[in-house]
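J.: My questions all concern the structure below.
No lab work stands behind these numbers, since they all come straight from the coordinates. Remember, predicted model here, so these are calculated numbers, not experimental data. Glycine also receives a Cβ, built like all others from the backbone with ideal geometry; neighbour counts cover every protein chain displayed.
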Amino acid sequence: MDLNNIGKLGYGAMRLSSVCSSFEEEIKLAETLFDTFLKEGFNYFDTSRIYGHSEDVLREVLVKRHNREDFFITTKVNPWVDSVHSKEEALSQFSDSLKHLGLDYVDCYMIHGIQDKTYHFCEDYDLFNFIEDKKKQGLTKYTGISWHGSPQLLDKVLTQHPELDIVQLQINYFDWSSDDIMSKECYDVARKHNKPIVVMEPNKGGRLSVIREDCEDIFREYDPYSSPTSWSMRFVKTLPGILCILSGMGSAKELYDNIISIKYKDDLSQDEMSVLKKVCDKLKSDEESQCTKCCYCQRVCPEHIGISGVMVIAENLNKFPNYYDDHFDSALSQIKNNGTGYPKDCIKCGKCEEVCPQHLKIRNFVKLISDTFDI
């Protein structure tokens, strides 16, 4: 399958495991959702070695049950995770992915989650030549990068590596004008280099799907039949040069909402863009962490601290300052369920912040929880 046949909506498989309690449950859910997704004319699936059982789910549900030309699979090499200590370990991920996917080639192979502070891995491990060699060997049809770094470095990379076929960017209306994420600036760089763009986090890890009631009221007043998610998806859909928009759909309701938004609804009008800006301005007044629970921070923490749990607790404290007066055990379980280490174990190495796609000051949150609960 070539890029001209890619459906506008893509299936991000990272969060499937977060809504299921077992691998068997993941398979059962994925069969229902993936089959509907394909039936509606969409075909792009995004995975990675670090997305739990994701590659195995794709093998069982897609590879074993559908014609190979009916789906497009992208997976990635992850050089910065704590389980990788050498070039050899990083490069071995490709053969591991083929094995778990049950494929003899992938449609696209990307370098995963590049940030300015982790970019050195690309050079240390010669990853650009590695993924290009896979394309020359016929083991992948396309190559790309999943990007969370600065627009300046992105411009340098695309100038030095014009052979890259696809750029995957975090784009949503909340981050469009962000000084940290710099979605618009990165989008402009990719457009300058004429690269097809795959969008990740169009709903910012679900944060734009469940929003403040007063913000939802603004949307509802203009269009009572469109969800906050639909507004987010249509914002990205309106941008020129978008190849595919990824969404981690964990239910039929989410799937159909996205299908309707992408397949049947128009691009946003100027009036609708004004409504979206009004909502965005209100949301940016919230003092929340903006954590999307991707758990990349936990992949690199040498003390294996349950950082995602820390972020949940910090958000709850922000909204309900006295909540944990009577729910201390709940705070402990949030941390235990996400790691083996505790906030007080933090050695302040900063590796978590180097890989955080949202560029959060994670160490500050860890210290807050450590000081607040003495844990």
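J.: Can you work out the PRE-style zone for ASN194? Point 7 Å along Cα to Cβ, and I want the residues of region 140-159 with backbone N under 19 Å.
T.: Flagged as within label range: 142-145, 155-159.
J.: Of all the stretches in the chain, which is the longest one without any exposed loop site, taking GluC sites (Glu not before Pro) in a DSSP loop (any state but H, G, I, E, B) with at most 14 other Cβ atoms within 10 Å?
T.: The reported range is 1-162.
J.: Only helices at least 15 Å long along their axis, Cα-based, and averaging 0.0 or more on Kyte-Doolittle count here, so list those DSSP H runs from the chain.
T.: The answer, listed by residue number, is 307-319, 362-373.
J.: Under a plain spin-label model, where a point goes 7 Å from the Cα along Cα-to-Cβ, how far apart in nm are GLN137 and LEU153?
T.: 2.7
J.: Strictly over 30 Å apart at the Cα level, which of LYS8/LYS135; LYS135/LYS348; LYS28/LYS134; LYS195/LYS253; LYS192/LYS348 would you flag in this model?
T.: The answer is LYS135/LYS348; LYS28/LYS134; LYS195/LYS253; LYS192/LYS348.
J.: Give the aspartates and glutamates reachable from LYS367 as a straight Cα distance under 18 Å; neighbours fewer than 8 places away on the same chain don't count.
T.: GLU287, GLU288, GLU303, GLU315, ASP345, GLU353, GLU354
J.: Are there any trypsin sites (Lys or Arg not before Pro) in region 73-178 that are in a DSSP loop and have at most 15 other Cβ atoms within 10 Å? List them by number.
T.: Here the sparse-neighbourhood loop sites are LYS117.
J.: Please give the FRET efficiency for VAL19 paired with ASN364, using the beta carbon to beta carbon distance and R0 = 22 Å, rounded to the nearest 0.05.
T.: Here the calculated transfer efficiency is 0.15.
J.: Can you work out D for the chain in µm² s⁻¹ from Stokes-Einstein, where Rh is the Kirkwood radius over C-alpha pairs, the temperature is 37 °C and the viscosity is 0.692 mPa s?
T.: 153
J.: Here is a follow-up. Out of the chymotrypsin sites (Phe, Trp or Tyr not before Pro) in region 181-232, which ones are loop residues according to DSSP with at most 13 other C-beta atoms within 10 Å?
T.: TYR225
J.: May I pose another question? Put +1 on the Cβ of every Lys and Arg and -1 on every Asp and Glu Cβ in the chain; which of CYS291, TYR222, GLY7 then has its Cα farthest towards the positive end of the dipole?
T.: Projecting each Cα onto the dipole axis, the largest value belongs to GLY7.
J.: Determine the gain in length on full extension of the stretch ARG220-HIS85; use 0.36 nm per residue of separation and subtract their C-alpha separation, reporting nm with one decimal.
T.: 43.6 nm
J.: Go through PHE174, HIS304, SER86 and say which Cα lies farthest out towards the positive end of the charge dipole of the chain; charges sit on Cβ, +1 for Lys and Arg, -1 for Asp and Glu.
T.: SER86
J.: Oh, and also: Under 16 Å Cα-Cα from LYS284, which lysines qualify once same-chain neighbours fewer than 8 residues away are excluded?
T.: Reachable lysines: LYS204, LYS319.
J.: Over the Cα atoms of region 19-123, what radius of gyration and what Dmax do you get, in Å?
T.: In order Rg, Dmax, the Cα atoms of region 19-123 give 14.8, 42 Å.
J.: For the chain, with a Gaussian network of springs between Cα atoms less than 10 Å apart, report the residue from GLN170, GLN334, GLN137 with the top mean-square fluctuation.
T.: It is GLN137.
J.: Between VAL57, ILE375, SER330, whose Cα lies farthest towards the positive end of the dipole of the chain when Lys and Arg beta carbons carry +1 and Asp and Glu beta carbons carry -1, centred on the Cα centre?
T.: Toward the positive end, the furthest listed residue is VAL57.
J.: Right, something else. When all alpha-carbon pairs of region 296-373 are counted, what percent fall beyond 13 Å?
T.: 62
J.: Gain in length, ASP96 to ASP271, computed as 0.36 nm per residue apart minus the alpha-carbon separation, to one decimal in nm?
T.: Extending this stretch completely gives an extra 58.1 nm.
J.: To continue, here is another question. For a quick check of your reading of the filter: which chymotrypsin sites (Phe, Trp or Tyr not before Pro) in region 262-364 sit in a DSSP loop and have no more than 10 other Cβ atoms within 10 Å?
T.: For chymotrypsin sites (Phe, Trp or Tyr not before Pro) across region 262-364 that sit outside H, G, I, E and B with at most 10 neighbouring Cβ atoms in 10 Å, the list reads TYR264.
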